[in-house]
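Throughout, read-outs are computed from the coordinates displayed, never taken from laboratory work. This is a predicted model, so every value here is computed, not measured. In this analysis, Cβ positions are derived from the backbone assuming ideal geometry, glycine residues included, and neighbour counts consider all displayed protein chains.
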Amino acid sequence: MKTLKNHLILFDEECPMCRIYTSAFVSTGLLEQDGRASYQELPIQVCPNVDRQRAANEIALVNQETGEVTYGIESLFKIFAMVVPFLGPLFKFKPFVWLMSKVYAFIAYNRRVIVPPVKGEDFQYQPSFKLHYRIIYLVFTWFVTAWILSGYTNLMADMLPAGHAYREYFVCGAQIIFQGGIVFLVNKKKVWAYLGNMMTISFAGALLLLPALLVAAWLNLDPLFYVLWFLAVAGLMLLEHIRRTRLLKLGWTLTFTWVLYRVAVLLIIFLIA
């Protein structure tokens, strides 16, 4: 495997995902041992051509010989071309680059709610907030979560009343509205940050239900198994909700209403069954 020499990738020190994958670039030999640094701690005179705010939004790759700087998906493609050189033409194909740049931006502008920083936001340059990418993220996680839950609730049919095919979509969507109203009253400046974190928790919880769905395709287990699995996942989600609201400094109110909403929905389902 070739190494991209004399290049320096600038990652977000406050982003756990960024630290992990740039470290992997170094450990696998794609970049030299000194080929990564956080843009927050790098003196400006070392890379004067870097747009610091853009580097906060899109990961920057600096050619230390020429001073050329690439950002975002183009930086990643430049590195990936070292691994799969036969895909080099694809990485330069403009429609593909445009599409993948949108996927990259979708993740990059939501990375702080996908994996929240634990060190706080103390540095001068922070990722820009793009409302449309946050809304797309909420819609995406809402749809996928509801789709998985719709399939999973069928596994608990003997213990949970059956509902309309769109019940879970309504329940998940209504929770976004309900919790959005609560966080607006608690701290309106953190509405979009909280909703992004909340839907990440829901999305992660739904993904944790997938193994049980796969088991159901092969084994005919008692519905109690799926109920217990669901409760275990719900417990993990509650712990993560507490952790994230603490990081956001939002107190216990939102955790209380988060639980209250779910309990109220469950009671309504049984009452109208």
From Cα coordinates alone, what are the radius of gyration and Dmax values for the range 201-260 in angstrom? 14.2, 44
Under 4 °C and 1.567 mPa s, how fast does the range 32-79 diffuse according to Stokes-Einstein, given a Kirkwood radius computed over C-alpha pairs? Answer in µm²/s, whole number. 117 µm²/s
Expressed in angstrom and rounded, the centroid-to-centroid distance over alpha carbons for the range 120-197 and the range 5-79 is 32 Å
State whether the range 1-118 is rounded, prolate or oblate according to the following rule on the C-alpha gyration tensor (a ≥ b ≥ c being the square roots of its eigenvalues): a/c under 1.5 gives rounded; otherwise a/b larger than b/c gives prolate, and the remaining case gives oblate. rounded
Determine, from the Cβ-Cβ distance of residue 126 and residue 154 and an R0 of 51 Å, the FRET efficiency 1/(1 + (r/R0)^6), rounded to the nearest 0.05. 0.75
Could you calculate the contour length gain from residue 34 to residue 49, that is, 0.36 nm times the residue separation minus the distance between their Cα atoms, to one decimal place in nm? 3.5 nm
Rounded, prolate or oblate for the range 1-42? Axes are the square roots of the Cα gyration tensor eigenvalues, ordered a ≥ b ≥ c, and the cut-off for rounded is a/c under 1.5. oblate
Of 5/94; 130/190; 2/78; 78/130, which ones are farther than 21 Å apart at the Cα? 5/94; 78/130
So what is the 222 nm mean residue ellipticity for the chain from helices alone, if each DSSP H run of at least 4 adds -39500 (n - 2.57) and you divide by all residues, rounding to the nearest 500 deg cm²/dmol? -20500 deg cm²/dmol
Estimated D of the chain in µm² per second, where Rh is the Kirkwood radius over Cα pairs and Stokes-Einstein applies at 25 °C, 0.890 mPa s: 116 µm²/s
Rel. contact order, % - alpha carbon contacts under 8 angstrom, at least six apart, the range 123-243: 33 percent
Between residue 87 and residue 239, the two model label points (7 Å from Cα along the beta-carbon direction) sit apart by a distance in nm of 3.5 nm
With each pseudo-label sitting 7 Å past Cα toward Cβ, what's the residue 270-residue 99 distance in nm, one decimal? 4.8 nm
In terms of the Cα gyration tensor, with a ≥ b ≥ c the square roots of its eigenvalues, is the range 74-233 rounded because a/c is under 1.5, prolate because a/b exceeds b/c, or oblate? oblate
